[in-house]
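Written below as structure tokens is the structure these notes are about.
The values are calculated or read from the model by the stated rules, or taken from the named source; none is laboratory data. Note that the coordinates shown come from a computational prediction; the quantities given were computed from them, not determined experimentally. All accessible areas refer to the heavy atoms of the entire protein, side chains included, with ligands and DNA or RNA removed. Shrake-Rupley method; radii C 1.70, N 1.55, O 1.52, S 1.80 Å.
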Amino acid sequence: SIGAHSTGKNLQRYNQNLMAFCPSSGAAWEQLISRTHRPGQVSDTVYFEVPQHTTELRNAFRKAREDARYIEKTMGQEQKLRLATITF
């Protein structure tokens, strides 16, 4: 869960993540991706499987991507979600 793994946990020994839901916040995604995509990650690629089987989940992911773009433009901080290769 985001709450259980938001602070002080380095999960870089893993490279595959299964999301049970799709946060609509770009900041939440930055935190989630950063748990495994960080210095010490031995894999070249980190994967996230994200549920997209309903309109609400697709819209949440779209909003998160827009939010990440906004954060990047206004704060000047590169967002990991914006670096992602997204396949459907």
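Considering segment 13-88, the qualifying helices (runs of 4 or more DSSP H), each wholly inside and each with 2 or more residues that are acidic (Asp, Glu), run over 55-75.
The number of residues in segment 24-38 that are more than 8 Å from the chain's Cα centre (by Cα) and under 18 Å from PRO51 (Cα atoms) comes to 2. Counting only residues that are over 18 Å from LEU57 (Cα atoms) and open to solvent by less than 80 Å² (accessible area, probe 1.4 Å), segment 73-83 holds 4 of them.
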